[in-house]
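The values are calculated or read from the model by the stated rules, or taken from the named source; none is laboratory data. Everything quoted here is computed from the prediction, not taken from an experiment. Quick reminder, even Gly has a Cβ in these numbers, built from the backbone with ideal geometry, and neighbours come from all protein chains shown.
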């Protein structure tokens, strides 16, 4: 239901789910979020897809599974013969949050002979993974530890609305006396609960992080022992951050210099302290370098790999969470030439914008078939009109989903899949070396099928039985668990998952592992100064670059930020649920009240928001929560799709798009 994969228990009576409630045996305790509370309405939604749909003469009509599979396999075989295996592109989104199935989607793509597989990290956490890998080089993301932090920097996250498990941990830390610092351009619920809120200008997170480093270094608040033994390039960092004084950073970020100093001191002197970073910092052109700056800050403050600080978690590669050269072993992948370093590190994260351009321009080769599972790029990818043009050039577009999304409407074939209640799959606890196997609660509704069954039958019909040898779900699970490329170096049996439905720890939560293992970097230390970045022509030290060019600001004086999270909607999902639609009935642009007054805009007035690539119209919602020069729009509304006006301006290192800081103008209609 959600990428966070919070565990739930369900009550089943007469083959029907009658209740959903917090799990009794879970290792992580938290209340249900509103989305989980609406599970039954979601499960039985009247517009849920329950049979395969094939588009004929521009209209989708119900067909049998055999007819759908025959159509897909015929098209795939034809495009492979005419354009080569690379003409297939497969994307696994996180709307269904089925990790094992993500692995099967990748396996299908590779069995077909195409390297063009990717998953949702190309849109959200890719810069996080790359920044952490460049600094610590374990090919994993860096995460917060909740074992007793005395200070928490909540950087660009709003887990009060999105992730109850982590929010519960934050509340517990606060009850135990931890100071809470929130860094966010908006006065979110998290910001209003904080001890200190740094309300920075969107897109300037890297400048603020460098300001923190300036204070920590100039005031001698760093961990000398760690730096002396385990930091590479610290001397260069000392010189580098001299230019990022709190006063200069205040000019860039609009956060007062005294607040920058206070927050940096709290973080550096509270031992231990943790940084809980959200995906918003990935959605700017400085995404990789911002993550690097925060990793560096964690390390030199003595908060790396200690309880209550930050650490990296070694994860299995089910669902492609573990990055590595064996994920998509080909340099022919779209984007590999343009982003060679990111491709080398991840082997799976390709810039989605490049896939769209490659499809439109048929360069470096044609993309003629696409399969999306649990994804809605017509609503969630930048520059929607360009996405649609790319789809129109395809010979085959297949969508696996629960509902007729805007992307499904474009598809030749739509395949109805199961919810998490109607199937089993692997899941993870983010930030913990733990994995679990969810348990199927009920039989599939209608003529829907679990995704593993769809991928397996499609592969076998294509002749890929060697890669998909199993006949049953349990055989599939046993095969995945036994694969070294997925669970190496862990030793976990399928029986362990069945015996412990609450989850299996597959690695010890050790502190200061670097004392035994060192860091798997060229220097064997934390790479403050990255020779790898330098080799590929990037800044070896995190260096702030303006997200919006000064000349553009004159014509587009406002900053558009999109993708904010709330408690009821996740991207384009759940808008068909009556209770949610009543709470959030229509799209709106959040505008600062004083700005609106100056422009003669009243709450509820229709306004136009325009960028260099387009314009949308929607209602104004006046608020004191956003800065006077910021316009915030929630994404995911078909009737006012903000991605029609968000261009695919990319992080130069990772290729992730900038959703959070784009130039715009505001017009009263």
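Observations
- Residue within region 581-588 that is within 23 Å of the chain's Cα centre (by Cα) and closer than 15 Å to residue 561 by Cα present: yes
- Those helices (runs of 4 or more DSSP H) of region 136-234 in which 2 or more residues are farther than 22 Å from residue 307 by Cβ occupy 159-162, 189-193, 205-218.
- Screening residue 303 against (1) under 22 Å from residue 159 (Cβ atoms); (2) under 18 Å from the mean Cα position of the chain (by Cα) leaves a single unmet condition, (2).
- Test for residue 25: is it in the same structural domain as residue 404 (by TED's automatic domain parsing), in a loop (DSSP other than H, G, I, E, B), under 28 Å from residue 486 (Cβ atoms) and modelled with pLDDT under 95: yes
- Taking region 406-464 as the region of interest, the strands (runs of 3 or more DSSP E) fully inside it that hold 1 or more residues being within 21 Å of residue 55 (Cβ to Cβ) are 413-416.
- Within region 208-249, the residues that satisfy the criterion of being crowded, with 19+ Cβ neighbours inside 10 Å and farther than 29 Å from residue 512 by Cα are 244, 246, 249.
- For residue 469, the conditions (1) within 29 Å of residue 43 (Cα to Cα); (2) free of Cβ contacts under 8 Å to residues at least 40 places away in the same chain all hold with the exception of (1).
- Within region 44-61, the set of residues being under 30 Å from residue 579 (Cα atoms), surrounded by 15 or more Cβ atoms within 10 Å (Cβ to Cβ) and out of contact with any helix residue (DSSP H, G or I) (no Cβ under 6 Å at 6 or more places or on another chain) comprises 45, 48, 49, 51, 53, 60.
A quick yes/no check of all residues on (1) at pLDDT 95 or above; (2) part of a loop (DSSP other than H, G, I, E, B); (3) within 30 Å of residue 517 (Cβ to Cβ):
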| residue | (1), (2), (3) |
| --- | --- |
| 315 | no, yes, yes |
| 323 | no, yes, yes |
| 328 | no, yes, yes |
| 332 | no, yes, no |
| 341 | no, no, yes |
| 366 | yes, yes, no |
| 371 | yes, no, no |
| 394 | yes, yes, no |
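- Screening region 480-524 for helices (runs of 4 or more DSSP H) wholly inside it with 1 or more residues that are at pLDDT below 85 and farther than 18 Å from residue 137 by Cα returns the ranges 484-487.
Quick grid of which residues meet (1) out of contact with any strand residue (DSSP E or B) (no Cβ under 8 Å at 6 or more places or on another chain); (2) assigned by TED's automatic domain parsing to the domain that holds residue 169; (3) under 30 Å from residue 16 (Cα atoms); (4) part of a helix (DSSP H, G or I):
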| position | (1), (2), (3), (4) |
| --- | --- |
| 35 | no, no, yes, yes |
| 40 | no, no, yes, yes |
| 70 | yes, no, no, yes |
| 82 | yes, no, no, yes |
| 96 | no, no, yes, no |
| 109 | no, no, no, yes |
| 114 | no, no, no, no |
| 134 | no, yes, no, yes |
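- Residues that are crowded, with 21+ Cβ neighbours inside 10 Å and assigned to a loop (DSSP other than H, G, I, E, B), drawn from region 396-405: 402, 405
- Cβ-Cβ under 6 Å pairs, at least 6 apart or on other chains, region 541-568 side at pLDDT 95 or above, far side surrounded by fewer than 19 Cβ atoms within 10 Å (Cβ to Cβ) and in a helix (DSSP H, G or I): none
- Considering only residues in region 627-654 that are over 23 Å from residue 570 (Cβ atoms) and modelled with pLDDT under 90, the one that is surrounded by the fewest Cβ atoms within 10 Å (Cβ to Cβ) turns out to be 649.
- Within region 569-600, restricting attention to residues that are part of a strand (DSSP E or B) and modelled with pLDDT of 90 or more, the residue that is farthest from residue 659 (Cα to Cα) is 592.
- Filtered residues of region 249-285 (kept if within 20 Å of the chain's Cα centre (by Cα) and in a helix (DSSP H, G or I)): 279, 280, 281, 282
- Filter result for residue 542 (assigned to a loop (DSSP other than H, G, I, E, B) and closer than 29 Å to residue 9 by Cβ): no
- Among the residues of region 550-558, not a single one is assigned to a loop (DSSP other than H, G, I, E, B) and on the phi > 0 side of the Ramachandran plot.
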